[in-house]
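The values are calculated or read from the model by the stated rules, or taken from the named source; none is laboratory data. A quick note: this is a predicted structure, and the numbers were derived from the prediction, not measured. Because the Cβ atoms are built from the backbone with ideal geometry, glycine has one as well, and the counts that use them run over all protein chains shown. Just so you know, the surface numbers come from the protein's heavy atoms only, side chains and all, with ligands and any DNA or RNA stripped out. Shrake-Rupley method; radii C 1.70, N 1.55, O 1.52, S 1.80 Å.
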Amino acid sequence: MENLIVDNQYNIGFLCTGRQCQLGRGDRVAMRWLSPSLERRDYSFAELDRLTSRFANVLQGLGVSAQDVFFTYLPKMPEQFVAFLGALKVQAIAGTLFSNFGDDALLDRLGDSCAKGIITKKSSLKKLARIRDRLPHLRFIILVDVEEHLSADTLSYSRLMAEGSELFTVPATPPETPSVLHYTSGSTGKPKGVLHAHRSVALQSLTTQNVLGVTRDDIFWCTADQGWVTGTSYGIIGPWCLGITQVHFGGGYDPGTWFGILQEQGVTVWYTAPTALRMLMRETDDFYAGFDLGRLRHICSVGEPLNPEAIQWARRALGKEVYDTWFQTETGAIMIANRPGLEVRPGSMGVPVSGIGVAILAEDGSPLPDGAAGNLCLREGWPSMFSTYLNNNAAYASRFRNGFYYTGDTAYRDPDGYYWFCGRNDDIINTSGHLISPFEIESSLLEVAEVAEAGVIGVPDELAYEKIVAFVSLHRQASYDPQLELKIRLYVSNRLSTVATPAEIICIDAIPKNKSGKIMRRVLKARYLGLDAGDLSTVEE
Amino acid sequence: MEILAELTEIFREVFDDDSIELTRQTTANDIDAWDSLSHMNMVMAVELRFKVRFALGELPALRNVGDLADLVAKKLARK
């Protein structure tokens, strides 16, 4: 990796900003920010360095120190990037939260991590206010859209930044220093905090170059929200520690706007998600003929398996190749991928990244032959491997056996070394790239007064890969009607998140459970899909 | 109650944000929680409140809240 790391200084906040200035890239555009209304504002690496140093001083002034947890809870906006990198500069643990999270989702994450501070918008204050008395460790809230402090602990970003110095000496940060925190769903229990270390930068930068194929002359656009590991690993860290210009857009999905950005900003490498590509496939080929994509070299994809139709569509309608990549929150960086220079096998995950040990193992840990589906495992010790699940070492240990990390995915390898995803081996739902726990949604549904029982499943969906279907049974006095459906939808949306909102809610008499009370989701799934439910001997009537 | 005022009430409940002040020019870019999924909740809430139904092709053509209010008014006038 060029001469990025000097004197064992692995601090990601520094490597993405100050180090770039030291390498003579201070005047280069780091971020081309496009507001939702497409107003453009360029931030150089030097400016990003100054802003993040200011924010580091702000956090220090508020009592944040190494290993304190600080969260961003923002839509995509410049302050998101400043706060994230500024927090890393002070060696705080930088967590990112989707801006569509509701208060239950916030409470789980802020509570478990004992977060000390959070930066958000005024519109989210209501959610935080509802849970603040249950967050004794939360000392302050910074608001990006108020001019003055609202109280002693609800503070104005602009006011704080105006008072902060832009001189900050980043402390020496060895590779094992905790860095980034993302919460991920488990099939049972609360979400787990996946903690990474600053050493992850080594593989994030390497894969940015060798897998995504991005060079310093490129203009790179990663559409992922920073709530996702993709949004931090490849929407912040990988490109910026290499001095690469990134486009970031604050608006939502719109085919015309997105392709206008690709054309007008001269994006050369675009990293997006299968759901987005499948939505784009709905437009006619004529629509795309109106855009000049001459500068776009290729597209990469991540989040869910990319169906071969999307690859064929991109070749035909855009004249571009799409390279599907695979990784997880826990892996921190891409592990298996199709990439420029390799033959793309449409529908496959691709081949392992150089240096990554991948194996397909049986339940007893023995390796399976090519063509046999089994546990997709990674040999432990890759540079961006997560350090632990925060406050849950037992869960962390349970993911490793005999030197292998068990990903929870099932896959097989073909004789040419390409890997093919078969599915999850738990109940986790992957909807539009968001991994959602049915348990969390069921818990939320049970908080609706009329709901007596709930069972949640994921079923195949043409657009989102999987969609969430909720089965509910009601208390005797309640009746199911559109008003109750709306009430349920709003409850889940506002307490958990909009992405956790069921696409369908089906009212049934009773939720099938086994004799120990466990919800039999496979029975619900079979019922929904019109399939044989198999052995029903353990269903409790 | 004026349609815009009723829509404001609906939006505050759907998007869980009491600070929302709708104008005819308001778009999804102006409301933090307005994404494609919460949009479906909003549509359902508007249909239930005004007891109207939107046809499949009617909603994508709406540019802002003003267009939504006009569409609701048109449907109410037909009743």
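Summary table below
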read-out	value
Solvent-accessible area per residue, Å², over chain A with all protein chains present [probe radius 1.4 Å]	37
Peptide B:24-36, shielding by other chains (average Cβ, 10 Å cutoff)	4
Computed [θ] at 222 nm, helices only, for chain A once each DSSP H run of length n ≥ 4 contributes -39500 (n - 2.57)	-7500 deg cm²/dmol
Dipole axis of the protein assembly as shown (+1 Lys, Arg; -1 Asp, Glu on Cβ), positive-most option in A:Thr173, A:His248, A:Phe101	A:Thr173
For segment A:420-428, 3J(HN,Hα) per residue [Karplus equation, 6.51 cos²θ - 1.76 cosθ + 1.60, θ = phi - 60°, Hz, x = Gly/Pro]	10, 6, 10, x, 8, 9, 9, 8, 4
Cα centroid separation - segment A:459-518 against segment A:230-262, whole Å	34
Estimated [θ] at 222 nm from DSSP helical runs (n ≥ 4, -39500 (n - 2.57)) normalised by residues in chain B, nearest 500	-16500 deg cm²/dmol
Distance-filtered residues of segment A:446-463 - backbone nitrogen under 15 Å, label point 7 angstrom along A:Gln477 Cα→Cβ	A:449-452
Relative contact order, percent, segment A:169-312 [alpha-carbon distance under 8 Å, six or more residues apart]	19
Long-range amide H partners of A:Lys513 with built H, under 5 Å	A:Met520, A:Glu540
Extended-chain gain in nm, criterion 0.36 nm per residue less alpha-carbon gap, B:Asn29 and B:Val43	3.4 nm
Integer Hz, Karplus 6.51/-1.76/1.60 couplings in order for segment A:346-354, x for Gly and Pro	x, x, 8, 6, x, 10, x, 5, 3
Residues with amide H under 5 Å from that of A:Ala30, placed H, sequence gap 5 or more	A:Tyr43, A:Ser44, A:Phe45
Net dipole in debye of segment B:3-78 [+1 Lys, Arg Cβ; -1 Asp, Glu Cβ; about Cα centre; nearest 20]	600
Segment B:3-78 - percent of accessible surface contributed by carbon and sulfur, probe 1.4 Å	54
Under Karplus coefficients 6.51, -1.76 and 1.60, residue-wise ³J(HN,Hα) of segment A:487-500 in Hz, glycine/proline x	4, 5, 4, 5, 4, 5, 4, 8, 9, 9, 5, 5, 5, 8
Calculated SAXS-style log₁₀ I(q)/I(0) at q = 0.16, 0.18, 0.22 Å⁻¹ - segment A:429-529, Debye, Cα scatterers	-0.63, -0.80, -1.19
For segment A:44-199, Kirkwood radius (reciprocal of mean inverse C-alpha pair distance, Å)	15.6
Centroid-to-centroid separation of segment A:194-229 and segment A:380-428 [C-alpha atoms, Å]	20
Chain B - accessible surface per residue (Å², probe 1.4 Å)	55
Potential lengthening between A:Ser35 and A:Asp532 on full extension [0.36 nm per residue; Cα-Cα distance subtracted]	173.9 nm
Label point distance in nm, A:Asp254-A:Ala66, each placed 7 Å from Cα along Cα→Cβ	4.7
Extension gain, A:Arg401 back to A:Glu283 (0.36 nm per residue minus Cα-Cα distance, nm)	37.8 nm
Accessible surface buried upon A-B contact (total; probe 1.4 Å; Å², nearest 100)	1600
When each of A:Lys122/A:Lys525; A:Lys192/A:Lys525; A:Lys126/A:Lys192 is checked by Cα-Cα distance, pairs over 30 Å	A:Lys122/A:Lys525
Cα centroid of segment A:308-370 to Cα centroid of segment A:97-169, whole Å	38
Amide H contacts under 5 Å for A:Thr388, placed H, 5+ residues apart	A:Leu195
Convex hull projection area averaged over all views, the protein assembly as shown, Cα basis, nm²	29.0
For chain B, radius of gyration divided by Kirkwood radius, i.e. Rg to Rh on alpha-carbons	0.92
